[in-house]
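The next block holds one structure in the form of structure tokens; read it before the comments.
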Amino acid sequence: MLKNHLTKKPPGSLRNIKTDSLALEILKQLGQHNFQAFLVGGCVRDALVNLEPKDFDIATNATPDEIRKIFKASRIIGKRFKLVHVFHKQKIIEVSTFRSSKVNAGDDDQEILKDQQGKIVRDNSWGTIEEDCQRRDFTINALYYNPANQILFDPHNGVEHAKKRLLVSIGNPLRRFEEDPVRSLRAIRFATKLGFNIHHDIKEAIYQKGSLLNSVSTARMFDEFNKLFLQGLAKDNFFMLDQFGLSKHLFSTKLGEEGSFQRRMLIRSLENTDERVRSSQSVTAGFLIAAMLWPKLVKLSADKEEINLKAFYRNMDFCIGHQMVLTAVPRRFYGYIKDIWALQIKLQSRLGKQPIKLVGHPRFRAAFDLLLLREQCFSKSEGLTEWWLKFQNSSRAQKSYILEKLYEERKGTEYKKFGFSEEIS
Ligand code: ATP
Ligand code: MG
């Protein structure tokens, strides 16, 4: 039974929550089958602080098998963390069973397994709502709300902390971050997203336990990379991570010295990603990785004032490999990153008739975008992006004319073949 003294009157922002119709239907049906069911996690938190919830997760005391029986269009997913996807047309709602932190020795399927560092590797021990709550990371993420009957379950005072705009851990953060080191990244992400202060206990735990991020799988780190850097707050997140000494767990390149090309390029790449998110343009981790690693690739491949092409191609794998030690780089991005790097050389050299073919290259747009970022970071623009813009928008005949003109201009002068001097110095 739900302990009544732990339920509270929901504030106005929650009473006005615009719940997704499928989520409402699921809550209703679970209730009709005498199960407890609530919206939980990010959607309740975001609605509470007047942000638009991005997805609606449900928690219930029904087991995955029981949920499956109620909803025909559903599927049990996950092994480490079993839950049910209920779907209708294109929509999917995640329904998870309340969990406890008890170790049910003997029952293989419902056990919590921890590794030697205390990290949870399997987590399928069913429990009560109170126990489920206890396992969540921060008090504002441990709010359970049912819009049908307006019951709010908030035993850790999440609403109070939201009012104070303070991120508070459930339980001792030192122990909680040992259990799951990713919580330190989550703390930073929620602080920037919500504009909350981080409780000093959490700050201390980040300093002390941040290095445990080394032990998190690269696949999970890549997921966090996407959440931190592709949702419109890349720059804020990067700087806060850097302050806490955590950027080195996500970026295989350093911020670089004040005024350096590396620093300008890293900041510009983050800003550019944020601008694109804000104007609803597509963003990919592949492009961001290509942009942030570019200065490192150039530096490593420099030979006096020029780029040594052999080294350049060899160092591509080296640079991506370095990043893959931290975060996975999915296969689909590997070729993409290398293509847009290789195209930088061609965009610069513009030899013979090559430019005509280049504008039709499937990665031309992305490569051009990287060139644009690079030029924005130069102290003196070489006018290359302008040249390419003009070239792209010209007719076939004009293109030939532009190329002839370029050839004439270069004739007799000892032009630098690849001219990366500013990036190299
Ligand atoms: P987002 O807006 O990024 O989706 P969220 O809070 O919904 O934020 P999810 O990763 O979707 O984050 O997780 C849903 C909920 O599950 C969280 O609100 C939190 O209660 C719980 N949770 C998720 N990850 C953890 C974790 N690593 N440790 C403890 N609780 C977690
Ligand atoms: Mg969520």
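Miscellaneous remarks
- Reported value for the range 133-273: 126 Å³ per residue, from the convex hull of its C-alpha atoms.
- Our helix-only sum for the chain, with -39,500 (n - 2.57) per DSSP H run of n ≥ 4 divided by its residues, gives a mean residue ellipticity at 222 nm of -15000 deg cm²/dmol.
- Here each label is just a point 7 Å from Cα along the line to Cβ, and for Glu160 and Gln376 those points are 4.5 nm apart.
- Given a 1.4 Å probe and the protein chains as shown, Ser425 ends up with an accessible area of around 100 Å².
- Ranking by accessible area, most exposed first, for Val277, Val44 with a 1.4 Å probe: Val277, Val44
- Rg/Rg_globular for the range 1-104, with Rg_globular taken as 2.2 N^0.38 Å and Rg from C-alpha atoms: 1.10
- The amide H of Arg363, built 1.01 Å from its N in the peptide plane, has no neighbour under 5 Å, considering only residues 5 or more places off or on other chains.
- Centre separation in Å (Cα based) which lies between the range 339-363 and the range 251-316: 18
- For the pair Gln392 and Tyr334, the difference between a 0.36 nm per residue extended length and the Cα-Cα distance amounts to 18.2 nm.
- Segment His200-Asn149, extension gain: residue separation times 0.36 nm, minus the distance between their alpha carbons: 14.7 nm
- For the chain, the C-alpha radius of gyration divided by 2.2 N^0.38 Å, with N the number of residues, is 1.19.
- When the solvent-accessible area of the chain is split by element, carbon and sulfur atoms take up 49 percent of it, the probe being 1.4 Å.
- Against the chain, whose longest principal axis comes from its Cα atoms, helix 261-278 is set at around 60 degrees.
- List Lys91, Lys72, Lys254, ordered by accessible area with a 1.4 Å probe, largest first: Lys72, Lys254, Lys91
- Whole-Hz Karplus values for the range 158-169 come out as x, 5, 4, 5, 5, 4, 7, 6, 10, 8, 10, 7 Hz, taken residue by residue from phi with 6.51 cos²θ - 1.76 cosθ + 1.60 and θ = phi - 60°; glycine and proline positions read x.
- Note on Val329: accessible area is roughly 10 Å² with a 1.4 Å probe, heavy atoms of protein only.
- Descending semi-axes in whole angstrom, ellipsoid equivalent of the range 276-425, from the Cα gyration tensor: 27, 20, 14
- Fluctuation leader among Lys338, Lys193, Lys357 - the chain, Gaussian network, Cα springs under 10 angstrom: Lys357
- The order of His156, His322 by accessible area, most exposed first and with a 1.4 Å probe, is His322, His156.
- Nonlocal amide H pairs with Lys91, under 5 Å, H built at 1.01 Å: none
The values are calculated or read from the model by the stated rules, or taken from the named source; none is laboratory data. The structure presented is a predicted model; accordingly, all values stated were derived computationally and were not measured. Cβ: placed from backbone, ideal geometry, glycine included. Neighbour counts: every protein chain shown. For accessibility, only protein heavy atoms count, side chains too; no ligands or nucleic acids. Shrake-Rupley method; radii C 1.70, N 1.55, O 1.52, S 1.80 Å.
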